[in-house]
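Engineer: Pasting in a structure now, in structure tokens, and then I'll have a few things to ask.
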Amino acid sequence: MSSNQPPGYGYPQGGSGGQDPYGQNPYGQQPHPQGQNPYDQQQPPPFPQQPGSPHGYPQAPPAGYGQMPVDPALAGMPPLADSGQRFLARLIDFGMFFVALIILLVVTGTSVTDTGAFLVIELLVFGGQFVYEALMLQSTGQTIGKKVMKIRVAKLADGSPPGSAAWGRAAVYSFIGVVPCVGVILSLLNVLWHLWDKPYRQCWHDKAAKTVVVKV
């Protein structure tokens with residue numbers, strides 16, 4: 001019987017010293033130069049430079065790792081005002097004119113059952129609210145309520161105060177409620193619209209004037 005036995009099943013033939021008979025690393029990895037850490041990874045490229053903001057606001061830096069991506073439509077804009085801030089600002093402004101309405105009703109002795117007189121007083125209050133809001137927003141973008149809550153109205157195009165557009169904005173907000181039969185529903189829809197509007201959280205009066213409400 002020959003002493004040279006055939007290799008066992010599954011063992012490579014030929015070669016010596018543990019060398020791979022196929023000339024390849026058995027794990028499919030390429031050899032690394034001496035002294036180089038095989039686990040070093042190439043660093044990611046730097047963030048690309050973004051073009052200037054289309055809104056005219058100061059350009060915001062790109063979000064880093066672990067941060068939520070910024071909607072391109074909001075790039076460079078100040079943060080949009082929260083719903084709570086907007087609601088409280090409106091509540092402050094509304095409170096002033098509600099007090100004025102009560103005072104007028106008491107002074108004139110008018111009740112809600114006096115339909116004609118009550119409507120006249122209501123229109124006076126709505127008219128005063130309209131002029132107040134338009135004048136305040138035109139130059140600064142802030143009513144008293146918005147100043148307290150540190151928010152402001154700004155043009156969507158460049159972030160400046162609304163200017164003459166404040167009159168159209170105030171008209172939609174103030175007079176949409178006097179539409180017969182459906183005025184209350186329209187007013188409610190108007191002020192709630194920003195809750196689901198994307199990406200600028202605009203109410204109808206914002207859309208009419210092309211404005212947004214941002215934090216100061």
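The values are calculated or read from the model by the stated rules, or taken from the named source; none is laboratory data. If you're wondering where the values come from, they're calculated on a predicted model, not measured in any experiment. As a convention, Cβ positions derive from the backbone with ideal geometry for all residues, glycine included, and neighbour counts pool all protein chains shown. When the accessible area is computed, the model is the full protein with side chains, heavy atoms only, and any ligands, DNA or RNA have been set aside. Shrake-Rupley method; radii C 1.70, N 1.55, O 1.52, S 1.80 Å.
Engineer: Beta carbons within 10 angstrom, averaged per residue: use that to sort the peptides 196-206, 116-126, 139-149, 98-108, highest first. Can you show the working numbers first?
Structural biologist: Values: 196-206: 16.8, 116-126: 14.6, 139-149: 18.9, 98-108: 13.0.
Ranked by mean Cβ neighbours within 10 Å, highest first: 139-149, 196-206, 116-126, 98-108.
Engineer: Could I ask something else about it? Where only protein heavy atoms count, and the probe is 1.4 Å, what is the accessible area per residue for the range 110-166 in Å²?
Structural biologist: Numbers: 2720 Å² over 57 residues.
Accessible area per residue: 48 Å².
Engineer: Sorted by mean Cβ packing within 10 Å, highest first, what order do the peptides 210-216, 82-88 take?
Structural biologist: Working: 210-216: 19.4, 82-88: 14.9.
Top to bottom by mean Cβ count within 10 Å: 210-216, 82-88.
Engineer: Shifting gears a bit: Within the range 65-216, how many Lys pairs sit with Cα atoms under 12 Å apart, leaving out pairs fewer than 8 places apart on the same chain? Write down the numbers at each step before the final one.
Structural biologist: Numbers: Lys146/Lys215; Lys147/Lys215; Lys150/Lys215; Lys155/Lys207; Lys155/Lys210; Lys198/Lys207.
Eligible lysine pairs with Cα atoms under 12 Å apart amount to 6.
Engineer: Describe numerically, in nm with one decimal, the distance between label points set 7 Å from Cα along Cα→Cβ at Lys198 and at Ser160.
Structural biologist: For Lys198 paired with Ser160, the spin-label model returns 3.2 nm.
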